[in-house]
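Notes follow once the structure below has been shown.
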Amino acid sequence: MKRTCCLLVLVTLSLSAQEVDLTRSVQSLKRNIHSSKAGERLMWMDSLSKLIEYRTDFAYDSIARQTIDYALELDSTRLALDHSIALLTHISRGLGKPEQAIGFFHGIRDRVPNAPYSLELTEFYTRGAYCYQMLNRYAEALEIHEQAYTFALNAGDRMKMGSIKEKIGTVLSFMGEFQQSAAALEEAHQILKDHSDPRMAWRPKGTLAVLYSQNGLPEEAKKIRMEMIAAARGYGRDATVFDQFCNQAFDEMLNGRPKEQLKYLDSAKVYLYIPDNEEYDIQQFLATQLGAYAENGMLEKAEAVKLDLDKRKEENEYFEIEGYNLALGQYEMARGNFKDAAIFGEREYANVKDSQFYEAIAIAHGFLARVYDSLGDQGRTNAHLKAYHRIKDSIESVQKANAFSYYQGLYEAERKDSEIASQKSEIALLNAKNRVANQLMVFGGLGILALLLIFYLVRLQYATKREQQVQVQFSRNLIKGQEGERTRVARELHDGVGQKLMLLAKRTKLSGDSEMASLATDTLEELRSVSRDLHPATLEKLGFSGAVRAIIDEVDANTDIFFTHNIDEVDDLLNDESSLQLYRIVQELLNNIVKHSGAKAVSVDIERKADGIAMVVRDNGKGFSVREKLRDTSSLGMRTLLERAKIAGAKFHVESKAAIGTTISLEMGV
């Protein structure tokens, strides 16, 4: 006892110390925020929001909203979306206010309608749809899920696509759209079947099995579960085997097959104490097993399970198990203690009567009808029996309708396939007859015409391709010649004039002539700047990603324009030629922005993707007409950028609007 008290004191002191450290960190970050501006301030706000995430005692809601607003103000959309996802989760789940979360969702969505961050938008919309599901507003949840699926499709993330398609299937099932739900779940399985984790692929199948079971198709549900069990044994997922055996046992109980229920429960018991199963899972299984043994008259086994459950109830503070009261009632019923059985049965009914688990409500009514019949209380027996049959008939009516719809759909599909096959056969026979009649007459003329046409097209294609190759080669040679000449001139300036100017600067310093020394030093520095522009030595020293960061920081330091950048490491995806061309493109874009755009803020994003590199440069300047720039023969800058992009094997796209700004995107495969 003393040891336990000491341990509790130590834990309390440790937690108190952690809270003190957290408070100090929060205060320090707040001071940094108040003393900084722009990008640095956003960095501190980002750190603070992450540090106190979900902590209402540190005003997380308010600070996260300020961070999001400031990030959007600085066009840091990705960071704003990341914090919006976390805050949306906090409001809906942490605070339990889905209605408020929906309002926040729409507020952010309206501010970033066309943001190019598909992965972040996928997660953001998925969380928004979940808020609607919490309020049982399934039509709106479905619409938002479908938008999330579009973003996942644009991002090419098949795992997200499959996961969202599964959520769409679940929402459709809640809406009573059985066939559409089944189709969506099957599509989710097809999308995920090549995923590295087989559990992801089979999860929609598990949901589909439940859907079939709920809609009067037990054999189809059983078939899927047996497939899942066989697959899970193959890839070593015991938890899936356990879950599916338990689900099948529940189905057998609902369909009035107690011996089959026991068979599947015994199969599941082999996997009961695996590491993936928590104490709650074990307790839930034991309660189900207790009821099954009692219903089948196996009192000795039921008593052993009851003792195990009682022991676990004493050892665990939290003991809330679905169906526990029903299992105890069944146990007391088997022992002939009908009054105790009635008490437990009423408790079970009180727990489920306000839920949407209609099967459980029907089971509770059926059990109470049997108990009160044994007690000779015909009034209560009849009342519960009527309620049982009313709910049972309603469930079976829906199941029969959906089962009929399912089999009708299968029949219609097979009938259409048969009709199509028959029509194709008839058409093929008619075509064969017509082909024999006309073949000799038209074959010669068509053959000659086809040969002439092929010859002409081949010549035309060859000439066009040759002309394009010559033009591309000329452009490449011209740019490569320019780069070679720049490199040569840069080296001459560095090795020749640069060395002499350095010597001159040293001598003027020794002579004591300060003005001449200053002039010589400034001239030397200007020469070095020209040499760097002609040949970017930083590209060789720092690599492409580092060189781009360096040039952005240099322009940021020497202009009034506010620059932000988010540059992934992509050097290993580029060869020397591609690195040089992409660096020249960035260099030219920054020069144009500084000289012509009149922008106040610029963002440069270079993102590493699974299939290549994506670069986006945005400014909020005065914009220009892209079409006029391309038509203007005196403007070589845009044409040079396009040629460099071609040499690098990249796609180059420009969007610009007057008084709004310019967005230049470049995508390059690897």
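Within region 51-62, residues that are under 11 Å from LEU87 (Cα atoms) reach no partner that is open to solvent by 70 Å² or more (accessible area, probe 1.4 Å) and modelled with pLDDT of 90 or more with beta carbons closer than 8 Å at six or more positions or on different chains. In region 216-229, the count of residues that are touching a residue at least 24 places away in the same chain (Cβ under 8 Å) and at positive phi is one or more. Of the strands (runs of 3 or more DSSP E) lying entirely inside region 575-663, those containing at least 3 residues that are open to solvent by 70 Å² or more (accessible area, probe 1.4 Å) are 650-657.
The numbered conditions (1) in contact with a Leu (Cβ under 7 Å, 6 or more places away or on another chain); (2) surrounded by fewer than 19 Cβ atoms within 10 Å (Cβ to Cβ); (3) under 24 Å from ILE361 (Cα atoms) are all true for ASP308 except (3).
Only residues that are under 17 Å from ALA209 (Cβ atoms) and under 37 Å from the mean Cα position of the chain (by Cα) were counted in region 255-289, giving 3. If you go through region 237-255 one residue at a time, do you hit one that is open to solvent by 50 Å² or more (accessible area, probe 1.4 Å) and free of Cβ contacts under 8 Å to residues at least 12 places away in the same chain? There is no residue in region 237-255 that is open to solvent by 50 Å² or more (accessible area, probe 1.4 Å) and free of Cβ contacts under 8 Å to residues at least 12 places away in the same chain. Those helices (runs of 4 or more DSSP H) of region 55-161 in which 1 or more residues are surrounded by fewer than 22 Cβ atoms within 10 Å (Cβ to Cβ) and under 12 Å from the mean Cα position of the chain (by Cα) occupy 77-89, 118-134, 138-155. Is it fair to say SER603 is among the hydroxyl-bearing types (Ser, Thr, Tyr), over 30 Å from the mean Cα position of the chain (by Cα) and at negative phi? Here the answer is no, as SER603 does not meet what is asked. For region 551-574, the tally of residues that are of a type in the set (Asp, Glu) and open to solvent by less than 60 Å² (accessible area, probe 1.4 Å) stands at 3. Pairs linking a residue in region 651-670 that is basic (Lys, Arg) to a residue that is outside any strand (DSSP E or B), with Cβ atoms under 6 Å and 6 or more positions apart or on different chains, are LYS657/GLY623. If you go through region 23-42 and keep only what is aliphatic (A, V, I, L, M) and surrounded by 15 or more Cβ atoms within 10 Å (Cβ to Cβ), you end up with VAL26, LEU29, ILE33, LEU42.
Please work out if PHE178 is open to solvent by less than 20 Å² (accessible area, probe 1.4 Å) and closer than 19 Å to GLN284 by Cβ. Here the answer is no, as PHE178 does not meet what is asked. Quick check on region 235-246. Is at least one of its residues within 32 Å of the chain's Cα centre (by Cα) and over 22 Å from LEU185 (Cα atoms)? Within region 235-246, one or more residues are within 32 Å of the chain's Cα centre (by Cα) and over 22 Å from LEU185 (Cα atoms).
The values are calculated or read from the model by the stated rules, or taken from the named source; none is laboratory data. Since the model is a prediction, treat every value here as computed from it, not as a measurement. For neighbour counting, all protein chains shown are included, and Cβ atoms are generated from backbone atoms with ideal geometry for every residue, glycine included. Keep in mind that these areas ignore ligands, DNA and RNA; they rest on the heavy atoms of the full protein, side chains included. Shrake-Rupley method; radii C 1.70, N 1.55, O 1.52, S 1.80 Å.
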